[in-house]
Amino acid sequence: MAIFIITSSFKGHSYFFCHKGKVSRTVDGFTCQRWDSQEPHSHSVTGLNNEENYCRNINREQAPWCYTTNNNTRFDYCSIPKCQNLLIKVFDTKLCYIRKVLIFIITFIQEHSPCYLDPCKNGGTCTVDGTSYRCECLKIYSGANCETQLEIEPENCKRTRKGFDYRGKTNVTKSGYTCQRWDSQSPHAHRFSSSGLPENYCRNPDGEPALWCYTTDPNKRWEICNISDCGEFYYGATNTTEDGLQCQRWDSQSPHKHSYGYLSDQENYCRNPYGESSKPWCYTVTSKRWDYCIVPVCSMYTLDLNYAREYNLIN
């Protein structure tokens with residue numbers, strides 16, 4: 001613990017208030033008399049019995065002082081150097097009180113704030129609600145403390161051109177044919193029966209230009225499915241914005257809280273969740289919440305569109 005041996009005002013009032021200084025000799029070299037003693041000088045000072053014989057200023061004298069052990073000198077001032085730095089002056093004067101207030105506030109928060117221990121799980125945000133709290137959960141969690149992960153229905157749209165990311169449940173082709181189950185060899189035999197593809201949903205296991213399935217019509221072996229785009233997509237590794245700001249990680253809630261936890265495996269790359277914006281973006285690590293990213297348009301995208309139009313995959 002620090003021991004203060006400097007005064008913060010002309011009269012050295014703080015030298016008493018903080019009870020830290022241990023100077024016990026006066027300017028004339030006399031040893032101070034103990035405050036709990038009446039020898040050699042009797043006095044009426046009370047409340048300083050625990051201050052031994054240290055210099056104090058309880059009555060706003062011009063400087064800290066004490067009764068002396070010299071029979072001929074009742075009291076004398078003490079030589080306490082004055083602070084030169086204004087900031088030190090302010091803090092030295094109020095330090096004891098500020099410290100006590102801060103300790104009280106911290107203790108109060110610890111003992112009384114229902115959000116102090118952060119009861120909300122899985123990235124939930126705790127908000128004090130009277131004497132209790134409530135958790136604002138990310139979209140895929142629920143419960144009083146966001147402890148339950150919801151079963152999220154897969155999006156019925158694709159985010160890539162060929163649909164390799166598609167996990168929806170469409171099982172009808174663009175012409176209305178019902179899809180054949182992938183684990184069935186009837187009416188059409190094929191090589192994907194043991195690939196683990198789900199039920200009879202449209203998929204693209206072999207990199208075709210679009211999602212497709214075998215049909216249940218013996219006269220129609222397969223056909224593409226009409227699956228719409230989710231919106232603008234980007235799966236590159238750009239992680240800086242148009243203003244040159246570094247992107248915040250999607251698995252982080254600092255410095256900006258958000259509800260896109262399902263992108264936690266996308267590091268801090270620019271993305272366009274749900275195709276909500278006109279182009280990829282990200283939260284930033286600065287005070288600016290978010291910003292668009294500069295992502296060049298790939299020429300291959302035009303080639304794929306032309307290929308799809310040639311084979312009537314799109315209008």
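No lab work stands behind these numbers, since they all come straight from the coordinates. Here the structure is a predicted model, which means the values were calculated and not measured. Note that each Cβ is placed from the backbone with ideal geometry, even for glycine, and that neighbours are counted across all protein chains shown.
Miscellaneous remarks
- Overall dimensions of region 113-152 as given by Cα atoms, namely Rg and Dmax in Å: 10.1, 33
- Computed on the Cα trace of region 154-229, the radius of gyration divided by the Kirkwood hydrodynamic radius gives Rg/Rh = 0.93.
- Environment charge of residue 178, counting only residues whose C-beta is closer than 14 Å and scoring Lys/Arg +1, Asp/Glu -1: +2
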